[in-house]
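Trainee: Once you've had a glance at the structure underneath, I'll fire off some questions.
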Amino acid sequence: MKLSCLQENLAKGISIVSRVVSTRAVLPVLSNILMTTDEGRLKLAATDLSTSITCWIGAKVEEDGEITVPARLLSDFVSSLPPAQIQMELVTRTKSLHLTCAQFEADIRGIDAQDFPLIPSDVSDHSIALPPETLRQMIEQVILAAATDEGRPVLTGALAQFQGSELTMVAADGFRLSLRKTQLSEEVPEPLEVIIPARALRELARVSAEEEEPVEIIVTPDRNQALFRLSNVEIVTQLIEGKFPDYNQIIPSSHSTRAVINAHDLMRAVRISVLFSRDVANIVRVEIIPGTETDPGRLIVESAAEVGQNVGELDAAVEGEQMEIAFNGRYIIDMLNVLGTEQVALETTNSSRPGILKPVGDENLVYVVMPMHLKK
């Protein structure tokens, strides 16, 4: 293998794939990045056996070849180099990669590429395409509700339901649920339901930041792997086995009180309340007060703990009864961070039933938050 490429392109490619490199790999080769020539380009790949990322960068290839080299050393070395051309040559006898850039050069010992796990590529004939911005927004709005506890693996991912010309993505951790829908450009041949690991979706959102072309989503016929194909990047992930909870039973079908509030004002009020309730599970008390002929409706956000207490009062358009309910303020903040609209609607039934947050004017996003116990 003998080639040259720009330092900035190589550094960017390494940063894309290295996020899935295992720091405590059972197999030494899993701590490495695969570097191989591929039709006049340099292909970089890394895997932790559950998620794999492959990236292609432009290069001037003189001789084909392949090798795997330690990810951390390669990343640190390349990112420290000046922005210039990097020459790379594989020394087959010692399985070392010789790199030269400006006045710097190094030899990095590698492991034979034959020891690197095989990463699937063309896994199915049919693919589903989504605009990268839409997909990225869906991921950001949904996976904030995915569980981090491995006790229930199905909750550590997001349920993706493809039916007709609609995609529904849902995540829940037992304390909150986020659901987002979007329209597909064409109908799927048959309904499809898979659970995609949240970690893989986060990586997809990260690497698609500069993507302009539609992202292809491909699921294997046996539905145990999904592939996401971008212009110069592919992500392959194992899907989570099991049955996702029936989210329709979690989302309340009615409400007795609805308050519409400015999202920015609500964010500020909840953030301030959380400052006082950090040591008491971030409990934020919300009181919804309907308006009268002379006074507008109000939404009061408050918290109290040993360190002190606070009260914030917001104008609100209120329909229904007066209501008092408590939430984990952090969950409200997470949702408001990805809302995307100026106004938010809070719908409640009583202090012991889940609350619903919705962006006003967008029926495709629903956020459900379980209440916290109110001490009288």
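Trainee: Which residue out of Ala11, Ala25 is of a type in the set (Gly, Ala, Ser), assigned by TED's automatic domain parsing to the domain that holds Ala84 and in contact (Cβ under 8 Å) with a residue 60 or more places away in the chain? Quick ask: steps written out before the conclusion?
Mentor: Working: Ala25 fails: in contact (Cβ under 8 Å) with a residue 60 or more places away in the chain.
Sole residue among the options that is of a type in the set (Gly, Ala, Ser), assigned by TED's automatic domain parsing to the domain that holds Ala84 and in contact (Cβ under 8 Å) with a residue 60 or more places away in the chain: Ala11.
Trainee: Restrict the check to region 282-297 and report whether at least one residue is surrounded by fewer than 18 Cβ atoms within 10 Å (Cβ to Cβ) and aliphatic (A, V, I, L, M). I'd like the intermediate steps shown before the answer.
Mentor: Taking region 282-297 as the starting set, the residues that turn out to be surrounded by fewer than 18 Cβ atoms within 10 Å (Cβ to Cβ) are 287, 291-296.
Now drop any that are not aliphatic (A, V, I, L, M), which leaves none.
No, that holds for no residue.
Trainee: Could you say whether any residue in region 300-309 is closer than 24 Å to Tyr247 by Cα and under 30 Å from the mean Cα position of the chain (by Cα)? Full working, then the answer.
Mentor: We begin by selecting, within region 300-309, every residue closer than 24 Å to Tyr247 by Cα; these are none.
No, that holds for no residue.
Trainee: Moving on to the next point. Restricting attention to region 252-267, does a residue exist that is assigned to a loop (DSSP other than H, G, I, E, B), out of contact with any Gly (no Cβ under 9 Å at 6 or more places or on another chain) and either acidic (Asp, Glu) or modelled with pLDDT under 95 (or both)?
Mentor: Among the residues of region 252-267, at least one is assigned to a loop (DSSP other than H, G, I, E, B), out of contact with any Gly (no Cβ under 9 Å at 6 or more places or on another chain) and either acidic (Asp, Glu) or modelled with pLDDT under 95 (or both), which makes the answer yes.
Trainee: Also, quick follow-up: Going through Thr237, Thr257 one at a time, which residue ends up being touching a residue at least 60 places away in the same chain (Cβ under 8 Å) and over 24 Å from the mean Cα position of the chain (by Cα)?
Mentor: Working: Thr237 fails: over 24 Å from the mean Cα position of the chain (by Cα).
Answer to the selection: Thr257.
Trainee: For region 178-230, name all the residues that are without any contact (Cβ under 8 Å) to a residue 60 or more places away in the chain and within 13 Å of the chain's Cα centre (by Cα).
Mentor: Ile196, Ala198
Residue by residue, here is whether (1) in contact with a Cys (Cβ under 8 Å, 6 or more places away or on another chain); (2) outside the structural domain of Val318 (by TED's automatic domain parsing); (3) not hydrophobic (A, V, I, L, M, F, W, C) holds:
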| site | (1), (2), (3) |
| --- | --- |
| Pro197 | no, yes, yes |
| Val219 | no, yes, no |
| Arg223 | no, yes, yes |
| Leu230 | no, yes, no |
| Ala259 | no, no, no |
| Leu266 | no, no, no |
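Trainee: Follow-up. Tell me yes or no: at least one residue of region 71-81 is in contact with a helix residue (DSSP H, G or I) (Cβ under 8 Å, 6 or more places away or on another chain), in a strand (DSSP E or B) and in the same structural domain as Lys12 (by TED's automatic domain parsing). Explain how you work it out, then say what you get.
Mentor: Going residue by residue through region 71-81, those that are in contact with a helix residue (DSSP H, G or I) (Cβ under 8 Å, 6 or more places away or on another chain) are 71-72, 74-75, 78-79, 81.
So of that shortlist, the ones also in a strand (DSSP E or B) come out as none.
No: region 71-81 contains no residue that is in contact with a helix residue (DSSP H, G or I) (Cβ under 8 Å, 6 or more places away or on another chain), in a strand (DSSP E or B) and in the same structural domain as Lys12 (by TED's automatic domain parsing).
Trainee: Oh, and also: When only residues in region 365-376 that are outside any strand (DSSP E or B) and at pLDDT 95 or above count, which is farthest from Ile300 (Cα to Cα)? I'd like the intermediate steps shown before the answer.
Mentor: From region 365-376, those outside any strand (DSSP E or B) are 370-371, 373-376; that's our starting set.
Cutting the leftovers down to at pLDDT 95 or above gives us 370-371.
Values: Met370: 19, Pro371: 16 Å.
Restricting to residues being outside any strand (DSSP E or B) and at pLDDT 95 or above, the top hit is Met370.
Trainee: Tell me the strands (runs of 3 or more DSSP E) entirely within region 293-345 that contain at least 3 residues that are of a type in the set (Gly, Ala, Ser) and at negative phi.
Mentor: Numbers: elements: 297-305, 308-320, 323-328.
In region 293-345, the matching strands (runs of 3 or more DSSP E) lie at 297-305, 308-320.
Trainee: Could you give every pair whose Cβ atoms fall below 6 Å, whose first residue belongs to region 40-57 and is in the same structural domain as Leu27 (by TED's automatic domain parsing) and at pLDDT 95 or above, and whose second residue is among the charged types (D, E, K, R) and assigned to a strand (DSSP E or B), counting only separations of at least 6 or pairs across chains?
Mentor: Hits for this filter: Thr54/Glu234; Trp56/Arg41; Trp56/Lys43.
The values are calculated or read from the model by the stated rules, or taken from the named source; none is laboratory data. The model shown is predicted, which means the values in this text are computed figures rather than measured ones. All Cβ positions, even for glycine, are placed from backbone atoms using ideal geometry, and neighbour counts span all protein chains on display.
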